Every structure is written in C-alpha cells, then in structure tokens.
Amino acid sequence: MTKTKTKIAKEGFWERNRKSEGYLLKKKASQVFVSIVRFILLFGLCFLILQPLLNKISVSFMTESDLFNPIVVSIPVHFTLDNYKLSAEIMNYGKSFVNSLVISITVSVLQIAVCTFVGYGFARFKFPLKKLWFAFVMLVIVVPPQVISNSLFLHFRFFDIFGLIRLITGSSLNLRGSVLPYYLMSIGCMGLKNGLYIYMIRQFFRNIPNDMEEAAYVDGCGMVKTFLTIMLPEGKPIITSCFLFAFVWQWTDGFYSKMFLGNISLVSMSIARIVDSLGAYMQRLLGVTVTISVAYSNCILSTGTLMVIGPVVILYLFAQRQFVESISSTGIKM
Amino acid sequence: MEKRKEMKKKSKIRLAGLEKRKAIAGYIFIAPFIFGFLVFMVRPLFQSLYMSFCNVDLGAAKFEMTLTGFDQYFWAFRVDPDYSRALVEELVRMVIYSLAIIVFSFFVSLILNQKFKGRALVRAIFFLPVILSSGVMLGLESNNQLIANLQQTIEDAGASTVSITDGLETILRTTGVGVRAFEKVFEVIDNIYDVALASGIQIIVFLSGLQTIPRSMYEAADIEGCTAWESLWKITFPSISSLFLVNWVYTVVDFCMRSDNAVIEKIQKIMIQNQNYGAASAMTWAYFLIVIAFVGITSFAISKGVYYND
C-alpha cells in the first residue's frame, strides 16, 4: 500500500498526464487560467477601492507648490506636516475627537445593549402579536429617518411629556442642542440603523440550539439570568460586530448629529464644513478676503478626511475579523 | 396562593402558566422597542403626515398648524420647479444602480467564496467602503462646489483621451440597437466605483448565504456530470435566492437614504433654509410612499421567484 503511494508521487507530471490522456494538463491549464483572470479582476477592483485613499495620503504630505508642480504626481518633493497642523486647528481636532469618541462609545454601548435585549426577545420567546411587532421592526428599517426628521425636530424643540412639563414650568422644554434626546432615542431602539442591529442579533440567536436554554430552565434558572449567563456569552461575536458597526457609523454620521447634537463639535460635523472653515480661518488670519485655490482646499479636505477616518481604519485593521467573518458566518436566512 | 395550588394540580394548566410567563418575559424583553416605536416613530410619523396637509407657522416659542388639505402636495409637484424633476431622476437612478449593485455584489461574492491566496485581505478591502463611505464621508467631495466644478473641467479637458467604454460606446451606437439602454449600462460602468462602494453589505450577505450551501451538493452534481455553469444556476442560485430579496430591499432603501440624494437635499433645503415644514413634510411623504410602493411591488415580484428549501 505504502509502496504504490510513493510510486505515484514519484511519477512526473507528464507521466501522469500521459496516463490520463491529456486530462490533467487541461485541468491544470484551466485552473491557472482561472486564477490569473481572478487575480487581474480582483487586483483591479481592490485598486479601484483603495486608490482614492492612497491619493489622499500622498496629497496630504504635499506643500502648495507641489500641488501645482506638474512633475509631482504622487511623491511630494517638499515633504510637510503643515497640512495636518492646519487641519487640526481648523477642525478643532483635539476637542472634537474627544467629543466624538465619548458620544460614539456611549451611544453605541447603549444602542447595542438595548438591541441585544430586544433581538433576544424576538428570537427566543413566543408571545401574542409577535409577528406584528417584528413587522414594525422591519418598518423601522425601511422608513428613512428623513420622513420623521422634521417632526422629531419640533418634538424635541417643544419637548413635553403628556403636557406635564408645561403644567409645572409653564412652557415646554427646548431639548435641541443637548445630547439627551439622542440618548432617549437610543434607549428606544430608534437610533442610527438600530432596526438592522435587532434583525442581525435576532438571526444569530435563532440559530443557537435550544438545549442549553432548556437545561437552564429545568435547573430553575430564571429567564433574565439565563439570558445573562448563558445566551449572552454565546452571542459575543455578533454583539461585538454590531458594536463595531454602531461605533463606526456613529463616528461618521451626519444626519443625527446635525439634528440633535448641533452645538457639540464632532469630527463628522467639522469635516463637512472644513472648506468653509478654511476660508473663514484665512480671512481671520490675514484680515482680508482671500480666494483659496481649489487644489489647496482639496488638499486640506483630503488631510481632514484622513484625520477623521484614521482612527476608524486603525480600528478596522485590528478588528477586521469581527467586522467581516463573524457576519458572514452568521448564515443570514429569511 | 390558592390559584397556585390549583395550577400545581393540573400539569396542563401549569404548562400554560409557563407559556404565559414566557410571553410576559418576551414582552419585557422587547419593551424598549415598543416604547421607542410608539414615542419616536409612530407619533412623529403621524405628526409629519398631518403636517403635510397643513400650513405650519413657526413662531419664537410655539408653532401653529392650519389645515389646508392637499395644497402642499400641489405646491410640491406643480409649483416648485425642482421637485418633480429631481424625484423622477432619482427614481430612475435608484432602479439602475440597485440592479447594478445586486449583480455586482453577487458576482464578487461568488469570486470571494472561492479559495485562493490572500482571500482575507481582499475581503477586508471590499468591506472597507462600508466603513469609509458612510455618513458624511459619502459625497463629501461632490458636495463641495469648488471641487465639483474642477472635476467638470477635468472631464471636459480629458475629452481627447479615449476611455475603453467610449470606444465600445461609439461602435454600439452606430449599430443603432437600443441606444437608450446601452447609455444607461455605460453610465453604470463609468461609475463602477460608486457601485463598488455601495455593495459592501450586500457582498457580506451573499457570502453568508453561500457558506450555508453544503459542499456535498456540489460534489454530487459534479459526479453526475454537472458543469460549474450548470451548478451555478441549479444549486447556487436557488439556494441563495431569498437573499436576493433581502439585498434588494436593503439596496433600494439604502439608496433612498443616502445623503447625496437630490430629493433629500431638496427637502433639507426647504426645511432648514425656507423653514417651510408643511411643504417639506409633503415632499418627504410623497417620496416615501412612492419608494415604499416600489419596494413592495418589486419585492412581491421577487418573492414569487424565491425558492425555499424547507
């Protein structure tokens, strides 16, 4: 047995090809061909995705003269960090970074905690009207926040709980510009893409076998305790990836930030305004209105963008597995 | 106390008791959602619907609404110069791009599901746009008036350089077959970058579906003499057909919510600059209802073709 095996292994490729009447060569050739085509295709698409990022990186180290130098394409002649300093000053980077970090972390922790709770409830319990409530979750995913934005805006501008506050203080509260409304919405699962998180978490819990839970119930474990001590550790991968999504999307979010967190400086908001801020900054510095060249404002915009997405990219590099693999292995089914 | 004793006597009722307890626990678990849904979704939804039939007068400390019927809708469609045009353009763009995104993400996920060196790296790169092009990052450059102008200039100046699609386009155009349809296809190919950026989540969803198909099925088909092309249509396609529905709904909805959407921009402008809440509500509702109707009809049509294993 072992002898024949070694004999086969010793036979050359052409020998084996001859024995299989050319089938092996054909198969090998088609394999090589497929992998070459695949490589070209994937390389092209990856380059397509990465190119703007690489371009931004190279531009962010250039001085203004390099931008106008036709010889300079991607490697700057005058290497400089001034763009970063200027962007940081315009964006008020230190302060907005801390603000963004605090708000993104607190909001995503809150949202994911509540969504896990709700998702588990939908996955594991039978109760009347369950289908209806789940249809409402779908509705939340489908309704664009823009539809209710103007009403929410007024809702928080003239905030009141069933007329109680007006009864006590005489007028309604203006909650706009404070963080409170957004926290309230996060508790109620109505934050950014929360319907999607509920859906994903529910899918995950549905796929876990019933046995462990049943055993816990038989042993007299309560429902909340079962959830906390048995199911929660099981759901770790999906909770981590949902948390990462919540964090990243909150970090770059413009819509909710603009609506609720108007007067708090956040990185996502300052990047959206960076070109206008640059003009104002220059005017303040020089005392006269100056026209900034398109190339330079684009350069500052690129630098600012890099500074905003930098932390997120670093996070992604470390937690790439959580982002991609855990979701793709969840096995989403209808 | 007595009730509990009675329950213990009959095991059937006891079971009902457990089910009842589970039902209550279920409601406790989803209570946050119910609260949020009623307060932050249902109420604003109805208010905004009501507002769309009203003339909203915003004062310093309060706002007043006077009922005007369908006036705001008439105003949006017949008086406002941009709205109808933006709406039609966005809807056409939505259909074309959603189709392109679905096709693109399906084929990319088929490739990414094969085994080859550096697969993890390629997957990571394809997923990067989900993170990088979210929220304000999307359309940051196109929103910037100066840079948009510059891009236009570069495109005009670069007319002499021949792109691959241009050459093909002229050949196909001279044959004169389905010119309009070809134009749309070329538009999509020219904007393949946008398509690739928007298809991260869809690729992941398809990948997750592909991984649930047992390998033994392909092996059996292979032994029976099935080619790879046949097994793609006979095994892969039916197995993940339900995910086409999920992805279709997600793509269309995602496209409607994008911040660089012309209709959304128009509404934001009416609401924040003109402070015309009634008209803004009417515009949003008209847009929303059209999109919902579209999603409903198309997903009903797709669900007819979905194959369920169980």
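The values are calculated or read from the model by the stated rules, or taken from the named source; none is laboratory data. The model shown is predicted, which means the values in this text are computed figures rather than measured ones. Reconstructed Cβ throughout: ideal geometry from the backbone, glycine too, with neighbour counts over all protein chains shown. Accessible surface is based on the protein model in full, side chains and every heavy atom, while ligands, DNA and RNA are left aside. Shrake-Rupley method; radii C 1.70, N 1.55, O 1.52, S 1.80 Å.
Here are some notes:
- For B:VAL195, the shell of other residues with beta-carbons less than 15 Å away shows a net charge of -2, using +1 for Lys and Arg and -1 for Asp and Glu.
- Fully extending the segment from A:THR289 to A:ALA29 would add 86.9 nm, taking 0.36 nm per residue of separation and subtracting the current Cα-Cα distance.
- Highest-MSF residue in chain A out of A:LEU110, A:LEU54, A:LEU192 [GNM, Cα springs under 10 Å]: A:LEU54
- Two-site FRET efficiency, B:GLU265 against A:GLU234, from Cβ-Cβ distance with R₀ of 30 Å, rounded to 0.05: 0.10
- Modelled this way, with points 7 Å down the Cα-to-C-beta line, the labels at A:ASP211 and B:ARG215 are 2.4 nm from one another.
- For chain A, a/c is not less than 1.5, where a ≥ b ≥ c are the root eigenvalues of the C-alpha gyration tensor, and a/b does not top b/c. That puts it in the oblate class.
- Cross-link check: pairs A:LYS131/B:LYS20; A:LYS19/B:LYS115; A:LYS95/A:LYS193; A:LYS126/B:LYS20; A:LYS193/B:LYS115; A:LYS225/B:LYS20 evaluated at a Cα-Cα cut-off of 21 Å; pairs beyond the cut-off: A:LYS19/B:LYS115; A:LYS95/A:LYS193; A:LYS193/B:LYS115.
- Whole-number percent relative contact order across chain A, with pairs defined as alpha carbons under 8 Å at least 6 apart: 25 percent
- In a fully extended conformation the segment linking A:PHE13 and A:ALA135 would gain 37.9 nm over its present Cα-Cα distance, using 0.36 nm per residue.
- Computed with every protein chain present, the accessible area of B:GLU89 is close to 100 Å² [probe 1.4 Å].
- Given +1 at the Cβ of Lys and Arg, -1 at the Cβ of Asp and Glu and no other charges, the dipole of region B:27-137 around its Cα centre is 900 debye to the nearest 20.
- Helix-only mean residue ellipticity at 222 nm for chain A, each DSSP H run of n ≥ 4 adding -39500 (n - 2.57), per residue, nearest 500: -23000 deg cm²/dmol
- Shown in residue order for region B:20-34 are the 3J(HN,Hα) couplings computed by the Karplus curve 6.51 cos²θ - 1.76 cosθ + 1.60 at θ = phi - 60°: 5, 4, 5, 5, 5, 4, x, 5, 5, 5, 8, 3, x, 5, 4 Hz (x for Gly and Pro).
- Legend: calculated FRET efficiency, A:SER58 to B:ARG93, from the Cβ-Cβ distance at R0 = 30 Å, rounded to 0.05, equals 0.40.
- Among the DSSP helices (H) of chain A, those spanning at least 20 angstrom by Cα along their long axis with an average Kyte-Doolittle hydropathy of 0.0 or more are A:23-60, A:93-124, A:236-252, A:294-318; this is a geometric and hydropathy rule only.
- Pairwise burial B:A, computed as accessible area of each alone minus the pair, summed, 1.4 Å, Å²: 8000 Å²
- Put simply, the amide H of B:CYS54, placed in the peptide plane, has neighbours under 5 Å in B:THR68, leaving out anything fewer than 5 places away on its chain.
- Protein accessible area in region A:188-334, 1.4 Å probe - carbon and sulfur %: 60 percent
- Largest accessible area first, the listed residues B:TRP75, B:TRP248 line up as B:TRP75, B:TRP248 when surface is computed with a 1.4 Å probe on the assembled protein chains.
- Site pair B:ASP222 and A:ALA280 shows an inter-label distance of 6.3 nm when each label is modelled 7 Å from Cα along Cα→Cβ.
- Spacing of the modelled spin labels on A:THR80 and B:ILE28, each 7 Å from Cα toward Cβ, amounts to 6.4 nm.
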